[in-house]
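Engineer: Handing you a structure now.
The values are calculated or read from the model by the stated rules, or taken from the named source; none is laboratory data. Given the structure is predicted, the values throughout are model-derived calculations rather than measurements. Note that each Cβ is placed from the backbone with ideal geometry, even for glycine, and that neighbours are counted across all protein chains shown. To get the accessible areas, we keep the full protein, side chains included, count just its heavy atoms, and leave off ligands, DNA and RNA. Shrake-Rupley method; radii C 1.70, N 1.55, O 1.52, S 1.80 Å.
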Amino acid sequence: MNNTIEQLKVLLDKEELLPDEKAWFLNYIENTGQQELKDILKMEFDNNINNPKPINSFLSRKILDQVHQKIGVPGQEKPTVTRLWLKRMAAAAAVIGILSYGAWFFMGKNKAVIIAKNHKAHTFKNDVGPGAERAVLALADGSKLMLDKVKNGTIIKQGNAKVVKTNGKVAYNTTDNIQAVSFNTLSTPRAGHYQVELPDGTEVWLNAASSIRYPTSFSGNKRVVEITGEAYFEVAKNKKMPFIVKVNNSEVQVYGTHFNVMAYNDESAVKTTLLEGSVKCINGKSSCMLKPGEQSELEKDGGYKVSTAVDVNDAVAWKNGLFHFENDDIETVMRQISRAYNVDVVYNKKSNDHFFAEIPLNSQLSDVLTILDKTGKVHFDIKGRQVIVNP
């Protein structure tokens, strides 16, 4: 083993670097191809992907928590214990991919930081900005309001409901004077997201290319809404009026809980992920009950598959402002990117590889593609509103 590898191992395993050690490390990062460091990381990554057990090597203990400190990058919040080994290996894979152009990508709980230095990656002739708070509110009379064009404040009154807009959110303030119920639909385009507070106080976050249809006031013995796409709910408790989310021909029944429903037509299954409380998922004669930390998948045959002890933060990463890719194939990754940036994807050749990353949703499209590009598995070009995927 050469002296550089030995010295790197020593430095990575130290709690603190002396000034001359830090200078050596910085010089190594900035003035070499970092091949020895990439070899070390790749060895650890390969070993632990093939043997998915908690690891105690210098890499797992130090690489995310100390290397960035050693080169002057502010420390990040540590990841949760859940899937710790996987998240650390994911970060190691990202480092392997992007060390060569002087950037570091660190994953922490609900956050990621991209710090670029001496950028030498592929330069895109075109770029696309991140999504924004965009939505259309369709009223009962058929009229539509472009919410990103409307000023904050009361925007309309419907029966006993007053609709108030604040930044990125509409809320329904109702009186006890029950009048005829009308229905509204809030829709987000691709590259859009929005929030709505329903008349009962339930909070709903809509992901890109999604919609929710709901009454301007709830009456009777149940609260019913319909969604397409993806939505995260924090349901106001009311034991006398169960809350029901209709999704295609299925529904989710709740009383008061936090959960996420992902029901895009181009995805393989409708997924419901429970964070708090309990829900019952029903599709014809098939049904299942979920406990916190569980996820159901309504598959094409109409049956439910339930996964236990899932990392619920993964399912709601979008709501927290993140792309989260965990062992996802290129088509899954690009579907999310397509919706988030309103771009179409063209494949010159599809990759069989899988990807691990957390990237802020407010990143430029070129930054996201650069991170994926630097894995060496795929390469990209941006042409107008198209992303070209190359081998």
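Engineer: Quick check on segment 328-391: what does the Kirkwood estimate of hydrodynamic radius come out to from the alpha carbon pairs, in Å? Don't jump to the answer; show the numbers that get you there.
Structural biologist: Values: mean 1/r = 0.0854 Å⁻¹.
11.7 Å is the Kirkwood radius here.
Engineer: Ignoring ligands, DNA and RNA, what accessible area per residue does segment 130-197 give at 1.4 Å, in Å²?
Structural biologist: Per residue, segment 130-197 has 52 Å² of solvent-accessible surface.
Engineer: In segment 149-248, what percent of the accessible surface is made up of carbon and sulfur (1.4 Å probe, ligands and nucleic acids excluded)?
Structural biologist: 47
Engineer: Another question about this same structure. Taking amide H positions as placed in the peptide plane 1.01 Å from N, state which residues far from K377 in sequence (5 or more) or on other chains have amide H under 5 Å from it.
Structural biologist: Result for K377 returns nothing.
Engineer: Round to the nearest 0.05 the FRET efficiency obtained for K240 and S307 when R0 = 30 Å and r is the Cβ-Cβ distance.
Structural biologist: So the FRET efficiency works out to roughly 0.40.
Engineer: Let me ask something additional. Count the lysine pairs in segment 177-302 that are 8 or more places apart or on different chains: how many have C-alpha atoms under 20 angstrom apart?
Structural biologist: Number of lysine pairs found: 23.
Engineer: Once the whole set of protein chains is in place, how much accessible area is left on H354, using a 1.4 Å probe, in Å² to the nearest 10?
Structural biologist: Looks like 70 Å² after rounding.
Engineer: Over its Cα atoms, what ratio of radius of gyration to 2.2 N^0.38 Å does segment 173-310 give? Mind dumping the intermediate values first?
Structural biologist: Values: Rg = 14.6 Å, N = 138, 2.2 N^0.38 = 14.3 Å.
It is 1.02.
Engineer: Continuing with the same structure: Show the residues, 5+ positions off or on another chain, whose built amide H is closer than 5 Å to the amide H of N184.
Structural biologist: Close amide H contacts, sequence-distant or interchain: Y214, T216.
Engineer: Name the residues whose placed amide hydrogens come within less than 5 Å of the amide hydrogen of V387, ignoring near sequence neighbours (fewer than 5 apart) on the same chain.
Structural biologist: D344, V345, V346
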